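Asks: Please find one structure pasted underneath; my questions will follow.
The values are calculated or read from the model by the stated rules, or taken from the named source; none is laboratory data. Since we're looking at a predicted model, the values are computed, not measured. Cβ coordinates were reconstructed from backbone atoms using ideal geometry, including for glycine residues, and neighbour counts include every protein chain displayed.
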Amino acid sequence: MTAAGIFSAPPRIVTGIGSLERLDAELGALQGPVAVIADRGLDTAGLLGGILRHVAPDRIGATVFVDPNPDVAAVERAADVARSARCTSVLGIGGGSGLGAAKAAAILLTNPGPITEYEGAGRVPVPPAPLVAVPTTAGSGSEVSNALVLHEPGRDREIIVRGQGCEPQVAVLDATVLRGLPRAPMLYAGLDALTHALESLWARGATVFTEALALRAAQDIMAALPVAVAGAGRDIVRGNAEGGNDAALQQLMEASTMANLACGNSGLGLVHALSSSVRVPLAHGLQNGVLLPRVAELNRVAVAPAGVALIDLLPGLYRKLEFTPRFDPAAVGREQLESMVAASDGHPFRANNRVSVTDSELRELLAGTVGAAPILQEDRT
């Protein structure tokens, strides 16, 4: 029996290979010009044009590019551009960074700001401008999340703004956008999604609904991620780029969305509390991938048999992915590990973890995370 709780799943989800063809119709239901907020790398890679060809040009009032891990100034600028163009809705395209910036811009189109005024939960007074999200990674699940994350110089921890109504109205899940994704971002995004699913299982806020979604999401990620990662390799004949793995890519994208529907309702746990430090210069999904097996073992006693079975599968999955769960000593040392412990102190995700731990126990858990590990070219962000 689970504790009393609330489950919310408001976004309309348009999904399947070819679903981008519905994008213009979804935007057509909104009023006024649309501000496109997108990851800068999508334009450089030529992917953005392929997505926007599904949108009538006269719908777009402004286009703003954001870099990874946007700060307060970046989203304020995006909102200023959208406001100057008299945009009344937002189209967010990208991974967690691009979609988070799009959420912030949507908030600032209807609220005076600054965005830091709304840090925390339920502090946005006026509903944001309508937002349609097109995820281009299978990891963050931001397309159905009511939270956004910003990084700010001088802060030891991320800035999180969340609340009912901050989620996109529509999410379009078309895995053809994943075809050209390189191996490292494919892997790290998938590990992030897997962490969302598994942490939902040992979250104190879990319900029967979140558990069902989390179990299915984790199973599908474990099945599809090795195919997606292998297909991203340059030496694969039947690779992602040729469309040969579209079924696995779509399964992975939908599982990522399911995982966030689960953890967005149950809350996250110790992995995300530790990886909230801004002092570790590694991709978020890489950090979660290193921490996940250790935190999973800690929580083994607190999950149902179906969850234990998934924990047992982690070593084999990591072997298939050729991923060693250790940090590069050149990037992570005692100072960075201590910053993880400090960032987790008082963090709601740490409190939401079913198994409570002391700082000393955390240091012991982290002690084995640094060592020789294969480092991919795209590791550092």
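Asks: Can you name the number of the only condition in (1) surrounded by 24 or more Cβ atoms within 10 Å (Cβ to Cβ); (2) not in a strand (DSSP E or B) that T176 fails?
Replies: T176 satisfies all of (1) surrounded by 24 or more Cβ atoms within 10 Å (Cβ to Cβ); (2) not in a strand (DSSP E or B) except (1).
Asks: Just to be sure, is L291 touching a residue at least 24 places away in the same chain (Cβ under 8 Å), within 28 Å of A228 (Cβ to Cβ) and part of a helix (DSSP H, G or I)?
Replies: Yes.
Let's see how each residue does on (1) surrounded by fewer than 24 Cβ atoms within 10 Å (Cβ to Cβ); (2) touching a residue at least 24 places away in the same chain (Cβ under 8 Å):
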site	(1), (2)
L215	yes, yes
G233	yes, yes
G244	yes, no
A255	no, yes
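Asks: Restricting attention to region 182-208, report how many residues are under 17 Å from G244 (Cβ atoms) and surrounded by 24 or more Cβ atoms within 10 Å (Cβ to Cβ).
Replies: The number of residues fulfilling the criteria is 1.
Asks: Could you list, in sequence order, the residues of region 226-276 that are over 19 Å from R183 (Cβ atoms), over 14 Å from the mean Cα position of the chain (by Cα) and not in a helix (DSSP H, G or I)?
Replies: G269
Asks: What's the total number of residues in region 118-156 that are within 22 Å of V34 (Cβ to Cβ), in a loop (DSSP other than H, G, I, E, B) and not aliphatic (A, V, I, L, M)?
Replies: Matching residues across region 118-156 total 8.
Asks: Could you please give the count of residues in region 70-107 that are under 19 Å from N146 (Cα atoms), charged (D, E, K, R) and surrounded by fewer than 20 Cβ atoms within 10 Å (Cβ to Cβ)?
Replies: 2
Asks: What number of residues within region 349-371 are part of a helix (DSSP H, G or I), modelled with pLDDT of 95 or more and either buried (at least 16 other Cβ atoms within 10 Å of the Cβ) or of a type outside the set (S, T, N, Q) (or both)?
Replies: 11
Asks: Answer with yes or no whether V271 is surrounded by fewer than 24 Cβ atoms within 10 Å (Cβ to Cβ), more than 30 Å from I17 (Cβ to Cβ) and β-branched (V, I, T).
Replies: In short, no.
Asks: Exactly one condition in (1) at pLDDT 95 or above; (2) buried (at least 18 other Cβ atoms within 10 Å of the Cβ); (3) farther than 27 Å from L20 by Cα; (4) not acidic (D, E) is false for V301; which is it?
Replies: Result: V301 passes all but (2).
Asks: If you don't mind, there's one more thing I want to ask. Only one of these is surrounded by fewer than 22 Cβ atoms within 10 Å (Cβ to Cβ) and more than 21 Å from I13 (Cα to Cα): R155, R162. Name it.
Replies: R155
Asks: List the pairs whose first member sits in region 123-146 and is outside the structural domain of M186 (by the TED database), whose second member is aromatic (F, W, Y), and whose Cβ atoms are under 8 Å apart, counting only residues at least 6 apart or on separate chains?
Replies: V124/Y118; G139/Y188
Asks: Among helices (runs of 4 or more DSSP H) lying entirely in region 1-117, which contain 3 or more residues that are farther than 19 Å from G141 by Cβ and at pLDDT 95 or above?
Replies: 23-28, 47-52, 72-84, 96-110
Asks: While we're here: Which condition breaks for A262 when tested against (1) at pLDDT 95 or above; (2) surrounded by fewer than 24 Cβ atoms within 10 Å (Cβ to Cβ)?
Replies: (2)
Asks: Just checking, does region 205-222 include any residue being aliphatic (A, V, I, L, M), assigned to a helix (DSSP H, G or I) and over 24 Å from V144 (Cβ atoms)?
Replies: No, region 205-222 has no match at all.
Asks: For region 47-69, state whether one or more residues are surrounded by 14 or more Cβ atoms within 10 Å (Cβ to Cβ) and either within 30 Å of A206 (Cα to Cα) or touching a His at 6+ places or on another chain (Cβ under 8 Å) (or both).
Replies: Taking every residue of region 47-69 in turn, at least one turns out to be surrounded by 14 or more Cβ atoms within 10 Å (Cβ to Cβ) and either within 30 Å of A206 (Cα to Cα) or touching a His at 6+ places or on another chain (Cβ under 8 Å) (or both).
Asks: Can you tell me which of (1) at pLDDT below 95; (2) under 26 Å from G92 (Cβ atoms); (3) not small (G, A, S) is the one V237 doesn't meet?
Replies: Result: V237 fails condition (2) only.
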